[in-house]
Amino acid sequence: MIKGGGGCLTQEKIVAGYAKCFIVIADYRKKSESLGEQWKKGIPIEVIPMAYVPVTRALTKNFGGAAELRMAVSKAGPVVTDNGNFILDWKFDKVHEWSEVNTAIKMIPGVVETGLFIDMAEVVYFGMEDGSVSVREKQPR
């Protein structure tokens, strides 16, 4: 699952990581069978401001695709997270082994956290267009 489109992904991941049970509620537009099928804006990656250029280069060199500094809409300059950092949106160009990629990205100096919430949700409830609810439960590994 990708989360963090709003720019507070590190805080969201801390809450999710320490929750006794992490449940997600979303609308039908977020439901997909593979990562990035519906969400086209890329995987958000929170970075220390001074590191955004080398992290951008490392992402594209190591994993392909393109990483872009997220720019603010209502003010000049980049989006600043609740922690005072920047967000890179990495638009990947192929399917990866996401758990391994998540770990590798977090090892890049200057990366604070990724918007990849790997195997964290116990259950996801999707509100469908017709008013019904679709349920997806965590698959045992």
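The values are calculated or read from the model by the stated rules, or taken from the named source; none is laboratory data. None of these values were measured; they are calculated from a predicted model. Cβ: placed from backbone, ideal geometry, glycine included. Neighbour counts: every protein chain shown. With ligands, DNA and RNA removed, areas are computed over all heavy atoms of the protein, side chains included. Shrake-Rupley method; radii C 1.70, N 1.55, O 1.52, S 1.80 Å.
Remarks
- Near-label residues of the range 7-51 by backbone N, under 20 Å of a point 7 Å along Cα→Cβ of ASP130: 26-33
- Inter-label distance, LYS31 to LYS61: 4.3 nm, where each label sits 7 Å from its Cα along the C-beta direction.
- Between SER74, SER134, VAL111, the Cα set farthest toward the positive side of the dipole of the range 8-137 (charges on each charged residue's Cβ, about the Cα centre) is that of SER74.
- Taking all Cα pairs closer than 8 Å and separated by 6 or more residues, the relative contact order of the chain comes to 34 percent.
- Using θ = phi - 60° and Karplus 6.51 cos²θ - 1.76 cosθ + 1.60, couplings along the range 115-132 (whole Hz; Gly, Pro as x): x, 8, 9, 7, 6, 9, 7, 6, 8, 10, 10, 10, x, 8, 4, 7, x, 7
- Taking every DSSP beta bridge that has both ends in the chain, the antiparallel portion is near 80%.
- Accessible area, probe 1.4 Å, largest first, for residues ILE2, ILE23, ILE87: ILE23, ILE2, ILE87
- The chain: most fluctuating residue of GLU37, GLU113, GLU68 per GNM, C-alpha cutoff 10 Å: GLU37
- Computed P(r) (all Cα pairs; the range 8-137; 5 Å bins; percent): 2, 10, 18, 21, 20, 15, 10, 4, 1, 0
- Heavy-atom accessible surface of the chain: percent carbon and sulfur, 1.4 Å: 55 percent
- Student exercise, the chain dipole from Lys, Arg, Asp, Glu Cβ charges, in Debye to nearest 20: 260 debye
- Where the range 55-141 is the region considered: accessible area per residue in Å², 1.4 Å probe: 60 Å²
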